[in-house]
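Read-outs throughout are calculated quantities, based only on the coordinates presented, and are distinct from any laboratory measurement. Note that the coordinates shown come from a computational prediction; the quantities given were computed from them, not determined experimentally. All Cβ positions, even for glycine, are placed from backbone atoms using ideal geometry, and neighbour counts span all protein chains on display.
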């Protein structure tokens, strides 16, 4: 498997992108119990641990030509997902959220529960 340099997006940039009208796919790769604690609206939840169950249907779920932003708790699992999307799935515009949902809670939405 080839490794790709994964572009990153800050949580402040993400907050701005979420306010825009341009097409955007937001993927949360955290576990359901994590999503229950803190979540962003308009996400496609694809727990990395359940990869085998959702990977075959990904081409029907997401558009590889639309900007795709991936996040997890701190940015490690989402970086793995970005690698897979960019390589095996041919996604053209993928970004990993630096610091994940935790950084979002600290820097953008202080009302969000941290864990």
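Considering just Cα atoms, how many Å³ per residue does the convex hull of the chain enclose? Don't skip to the answer; put the middle values down first.
Working: hull volume 11.3 nm³, N = 115.
It is 98 Å³ per residue.
Tell me, what is the percent relative contact order of the chain, built from C-alpha pairs under 8 Å that lie six or more residues apart?
36 percent
Would you list 72, 82 from fewest to most Cβ contacts within 10 Å? Don't jump to the answer; show the numbers that get you there.
Details: 72 24, 82 27.
If I rank by nearby Cβ atoms, fewest first, I get 72, 82.
Just want the ordering: 71, 91, 51, from fewest to most Cβ atoms lying within 10 Å of their own Cβ. Numbers along the way, then the final one.
Details: 71 30, 91 21, 51 15.
Ranking 71, 91, 51 by Cβ neighbours within 10 Å, fewest first, gives 51, 91, 71.
List 77, 17, 30 from most exposed to least, where exposure is judged by having the fewest other Cβ atoms within 10 Å. Provide the component values of the computation, followed by the final result.
Working: 77 21, 17 15, 30 24.
Sorted ascending by nearby Cβ count, the order is 17, 77, 30.
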